[in-house]
Amino acid sequence: MSIVNSIKDEIRQLVENALLSARHDQKINFGAIPEFTVEVPREKAHGDFAVNLAMLLAREAKMPPRNIAQLIIDSIRDKNGLLARTELAGPGFINFFLDTKWIYE
């Protein structure tokens, strides 16, 4: 497995766990987590990776995508120190910026 795919998998897990945590805390209601993409944005200013999950959940959760994205961001627990920061962008993308110190470890 390539390092990029490994990081994508870890980000996917962080996002899924955050979303399930928000549901557990009754901040959002949905059935199953839809299939979403973790991609490398075309523009470096948009982070190292981006996720479109909030836009996919908006209709089912009956919430604006930006609100869903913010719930996910607020619920992310990055215990491994992979992320330097996350940010909400556009209609509900979540952009991830990697912390470079994990590379050296």
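Could you rank the peptides 45-51, 62-68 by their average count of other C-beta atoms within 10 Å per residue, with the highest value first?
Peptide ranking by packing, descending: 45-51, 62-68.
Place a +1 charge on the Cβ of each Lys and Arg in the chain and a -1 charge on the Cβ of each Asp and Glu, then give the dipole magnitude about the Cα centre in debye, rounded to the nearest 20.
Once rounded to the nearest 20, the dipole reads 260 debye.
Separation between the E16 and D74 pseudo-spin-labels, each 7 Å from Cα along Cα→Cβ, expressed in nm?
2.4
Give me the dipole magnitude in Debye, nearest 20, for region 40-101 about the Cα centre, with unit charges on the beta carbon: positive for Lys and Arg, negative for Asp and Glu.
That gives region 40-101 a dipole magnitude of about 60 debye.
Of the listed peptides 20-32, 82-94, what is their order by residue-averaged count of other C-beta atoms within 10 Å, with the highest listed first?
Taking the mean over residues of other Cβ atoms within 10 Å, the ranking is 82-94, 20-32.
Work out the charge dipole of the chain with +1 on the Cβ of Lys and Arg and -1 on the Cβ of Asp and Glu about the Cα centre, then indicate which of I7, L98, L19 is farthest towards its positive end.
Farthest towards the positive end: L19.
Relative contact order of the chain: what whole-number percent is it, with Cα pairs under 8 angstrom and at least 6 residues apart?
26
Any read-out appearing in this document is the output of simple, stated calculations on the displayed coordinates, not a laboratory observation. Not measured: the values here are computed from a predicted model. Cβ atoms come from the backbone with ideal geometry, glycine included; neighbour counts cover every protein chain shown.
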